[in-house]
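Here is the structure we will look at.
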């Protein structure tokens, strides 16, 4: 009963770990860590990853994942930037263009995986390369000097927190609600739990898979727009390594690689946990070499814990 | 019920703080606040932080970081080197933003991409002395920039190449296309070559800072232009890549190679005679002098007024060009010995 | 050669084998037959080393042995022919036949010329002269693959060869080849165990036949015994005349006209309201394929399905659901349940109506259904993997009932279910017919079919070979039809 609770309540155990970590860090770095400034920077840098993680969580619940999200982040910002800078396109239209491109990419991913039957890893891996190439073509060495209206979206502040944080909160709350309370989104748990039984329960598995990829790509597109708005620049290197960070965060947050588990709120907590560790490393002036090693260890521990708990449940 | 929600929402919106507009002047006449932090004592715990990407890149480690650490030891202050190990510019930005609240004594930032401008602005606005090195970042409000003059680096290569090939023949160049400093280098090269009407410049090519691509490009060029006289390289990996293909095509000495950077592999190739000329950067100066500027700003070493910080005066050079190092067979040994000691 | 004494084997809650004593001699083709679930496969798995007996002794050449694993069995000289499952598509015939003891050259590398020659020799000996050892297995037909499986088993030069339904995917000519091979082996002194349902084959090829039923050994008889007698031994039990009620109405709810598809053809029948139409047949007779097609899970390539007079085009289970047709799959773990989800989540997994999900209401409804179905559980939030097979099956039933269907297609509803839950499930099915619902019942348990069904359709080789009314249906008649035996006494109606 205890183990079951813990697995079901990864949200609970993760939240507790985060709290403990914060307390420890307050003791070790009393002047640097528990400040409004530090927290608001932390949340700001967390927001992009989390928005993408929400989409990734939905995919992992249904037993799939998407390696192309990092490239989509670069692409949507790049496309919007390209249109605004080289063609003087109105910022709203540029944003719509960036998002539409992302939706299209998601649809292609979904269609090829669900209908044509291509393995998700191979398909999204290939798409990762293709979209990154497109992003490079659009943003070249980088685009700056965006119109003020565009920058307003990513850089305005509300109650001291910069805009992307609010977008993140809104997206997390909205999807949390949808996944918990609508029949449509709950079906993803069934698809991930037993795809065959899901089909035989009357669930239109293929259609829903396509939707999942569209949602993931759209959220990545939104994240990309927010990122380039926030930076005031469209970088061609945006989002490199994002997909693995997000998958790590989502697994930390309770998803299982085999599907059927995970809560949206867990994605937020997973990303928060990783951001805290990152923050700890920076404040602690731990050299960059160690960052990679530590994040790798975190991933192994997360996945290992996931496997161990599953095996325990099966006994 | 609806009215109440509307009221709360409007309060919310009113709290909205728009981002600063660029049109407004950055030099305010606010005389009540210090623009940057100064102090009179030197504390051993005062910290100078270098933030870069690709923190493990050998070029950075053996030049920039080495000099920076030496400086810190000499001055008796703390130095830290932070940043992602990949070329992850958003990661560098996140690092800068998370270091700012800790208010270090000074920030030494590698100018990797114009996108980091907003983060640098935040640091400056927070009152931290900030120096950008290697490549200039426009619109960043940085207190100082110290780096090489890439136009000059291109010009030096052009002039040397012209004399190597006897003033006539076909010349190409390669580097990362689209990067501001390299484009300046390309221009310097082309302008220098223009003075020689018998030299034909056949084009600039993108090797994406990758040795294999540079090698393949060179092989393609050699095949397409059997009478190619010389190639100039502009990023660290151009040299080794070009040299590889030239050796494999048995054209050593027949096709003249010049390039940038003076790492052990480049020096070795000069010794072998495959590369004729290197234009090196004085990277150690970037960080040593850069750190020293930060120190001087913080400790009011050389005041230009009664209170520079309050008056809004930046008491360090705004832009420093370090000049380049020219290496060929005549002086390569001095550098090889040095490389061995590293 | 191989003597089994008092072998018993238990799986959780089920007695697969009880006190089975058998003797297999060299140079004899010894056939084994029995209904589905009689214990034949379990027994073979014990001989081949996959399972260990819980009780009893195995004697090899009168010496007691413990066959701990497949390697031990192989060392003794026991070899089994599988149903094409053990071949690797991407490798050649030769490599598949000799996965171990592949001929090697001095350095340890595979000696391909020798390998191919050896294989060709074997293929020639077996009379499979049309196949080349270098052909990749993926290019072979199912029948050819089966022949290679046989070759693979024989390549190990076994002393005891076991064949489990070897002719399931073979055509007539290949079966002839197989029988020739077996006769050859028999003459060489190899002992052969041959498992099959096909009476004609058994009588043709075997010397003696042993019958298993419900995990027990019944008797060994001469192969010349008439087929009817063999069938009676397989199925014969005390037939109680049970009071069977019927709720059949005149109205037809589903009419199927000559439909065909992958795995079934020429299927026609009428299903009435309140009727339970049973479907009997052997493994591979096409019942599941047909059932899935009626649910929209498989394509129908010809014929019509009519419901309430309207033609249905079912491309997806969701469409079948909209028309009130539901399907309870035979493998509930793989196809019907979400083991990591709770009871109420499972019950509502087939919910058609979109909109918001209210956990409180769902739990409430689930609780009521659990009471109705006598599903024993402390809470509806219980994960399904913790329930017994019987309770799990009832949850699946509850899931479909929550959608208020008109037609239920149930496939092996009491498979792996304890006696108590079985009775309860029978009650439930009867109750539904009283409400005017129609049931298409696929089952391999003849007593179950006889108890529940108003009519029984028997399928053989992918077609309906006959439909029996309640009065004329007996276990022997059904078993005979299922094996392909038609006599003039059969009343065949469509």
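When the stretch C:171-197 is limited to residues that are outside any helix (DSSP H, G or I) and touching a strand residue (DSSP E or B) at 6+ places or on another chain (Cβ under 9 Å), the one that is nearest to residue C:285 (Cα to Cα) turns out to be C:197.
Checking each residue in the stretch C:318-331 for being more than 16 Å from residue C:353 (Cβ to Cβ) and surrounded by 18 or more Cβ atoms within 10 Å (Cβ to Cβ) picks out C:320, C:325, C:327, C:328, C:329, C:330. Screening residue B:98 against (1) touching a residue at least 24 places away in the same chain (Cβ under 8 Å); (2) over 30 Å from residue B:270 (Cβ atoms); (3) within 13 Å of chain A (Cβ to nearest Cβ) leaves a single unmet condition, (1).
Out of C:355, C:389, one residue alone is modelled with pLDDT under 85 and over 30 Å from residue C:290 (Cβ atoms). It is C:355. Across the stretch B:101-125, the qualifying residues are those that are more than 7 Å from chain A (Cβ to nearest Cβ), more than 20 Å from the chain's Cα centre (by Cα) and free of Cβ contacts under 8 Å to residues at least 40 places away in the same chain, and the one among them that is farthest from residue A:45 (Cα to Cα) is B:125.
Just wondering, is there one or more residues in the stretch B:89-98 that are in the same structural domain as residue B:131 (by TED's automatic domain parsing) and part of a loop (DSSP other than H, G, I, E, B)?
no
Scanning the stretch A:178-201 for residues being crowded, with 24+ Cβ neighbours inside 10 Å and at the interface with chain C (Cβ under 7 Å from one of its Cβ atoms) gives a total of 6. Residue B:182 meets all of the listed conditions (1) surrounded by fewer than 23 Cβ atoms within 10 Å (Cβ to Cβ); (2) more than 21 Å from residue B:288 (Cβ to Cβ); (3) in contact (Cβ under 8 Å) with a residue 12 or more places away in the chain; (4) within 14 Å of chain A (Cβ to nearest Cβ) but one, namely (1). Of the residues making up the stretch C:296-327, those that are facing chain A (nearest Cβ under 9 Å) and assigned to a strand (DSSP E or B) are C:326, C:327.
Among the residues of the stretch C:71-91, those identified as closer than 22 Å to residue C:190 by Cβ and loosely packed, with under 12 Cβ neighbours inside 10 Å are C:71, C:75.
With B:262, B:243, B:311 as the choices, which residue is more than 23 Å from the chain's Cα centre (by Cα) and assigned by TED's automatic domain parsing to the domain that holds residue B:187?
Values: B:262 fails: more than 23 Å from the chain's Cα centre (by Cα); B:311 fails: assigned by TED's automatic domain parsing to the domain that holds residue B:187.
Only one candidate qualifies: B:243.
Apart from one condition, residue C:127 fits all of (1) assigned to a loop (DSSP other than H, G, I, E, B); (2) over 30 Å from residue C:483 (Cβ atoms); the exception is (2).
Go through the stretch A:215-315 and tell me which helices (runs of 4 or more DSSP H), entirely inside it, have 1 or more residues that are surrounded by 24 or more Cβ atoms within 10 Å (Cβ to Cβ) and touching a residue at least 40 places away in the same chain (Cβ under 8 Å).
Working: elements: A:242-252, A:264-283, A:288-314.
Counting at least 1 such residues, we get A:242-252, A:264-283.
Do we have residue A:107 as surrounded by fewer than 20 Cβ atoms within 10 Å (Cβ to Cβ) and assigned to a helix (DSSP H, G or I) here? Can you show your working first?
Details: surrounded by fewer than 20 Cβ atoms within 10 Å (Cβ to Cβ): yes; assigned to a helix (DSSP H, G or I): yes.
So residue A:107 fits the description; yes.
Hey, can you tell me all the residues within the stretch C:344-363 that are part of a helix (DSSP H, G or I) and either exposed (fewer than 13 other Cβ atoms within 10 Å of the Cβ) or touching a helix residue (DSSP H, G or I) at 6+ places or on another chain (Cβ under 6 Å) (or both)?
First, the residues of the stretch C:344-363 that are part of a helix (DSSP H, G or I): C:344-350, C:359-363.
Scanning the stretch C:344-363 gives C:344, C:346, C:347, C:348, C:349, C:350, C:360, C:361, C:362, C:363.
Residue by residue through the stretch A:125-142, note down the ones that are touching a helix residue (DSSP H, G or I) at 6+ places or on another chain (Cβ under 6 Å) and at the interface with another protein chain (Cβ under 9 Å from one of its Cβ atoms). Correct list: A:142 only. Scanning the stretch A:116-150 for residues that are in contact (Cβ under 8 Å) with a residue 12 or more places away in the chain, part of a loop (DSSP other than H, G, I, E, B) and farther than 10 Å from residue A:236 by Cβ yields a count of 4.
Of the residues making up the stretch A:142-169, those that are surrounded by fewer than 18 Cβ atoms within 10 Å (Cβ to Cβ) and closer than 23 Å to residue A:75 by Cβ are A:145, A:147, A:149, A:152.
The condition of being under 26 Å from residue A:191 (Cβ atoms) and surrounded by 15 or more Cβ atoms within 10 Å (Cβ to Cβ) holds for only one of A:121, A:127, that being A:127. Candidates in the stretch A:153-173 are the residues that are within 10 Å of another protein chain (Cβ to nearest Cβ) and free of Cβ contacts under 8 Å to residues at least 24 places away in the same chain; of these, the one that is nearest to residue A:46 (Cα to Cα) is A:166.
Determine which member of the set A:271, A:249, A:275, A:255 is within 18 Å of the chain's Cα centre (by Cα) and farther than 27 Å from residue B:99 by Cβ.
Values: A:271 fails: farther than 27 Å from residue B:99 by Cβ; A:249 fails: farther than 27 Å from residue B:99 by Cβ; A:275 fails: farther than 27 Å from residue B:99 by Cβ.
That would be A:255, the only listed residue that is within 18 Å of the chain's Cα centre (by Cα) and farther than 27 Å from residue B:99 by Cβ.
Step by step: first the residues of the stretch B:49-81, then only those that are more than 10 Å from every other protein chain (Cβ to nearest Cβ) and in a loop (DSSP other than H, G, I, E, B), then the one that is surrounded by the most Cβ atoms within 10 Å (Cβ to Cβ). Which residue is that? It comes out as B:77.
The values are calculated or read from the model by the stated rules, or taken from the named source; none is laboratory data. A quick note: this is a predicted structure, and the numbers were derived from the prediction, not measured. Backbone-built Cβ (ideal geometry, glycine too); neighbour counts: all protein chains shown.
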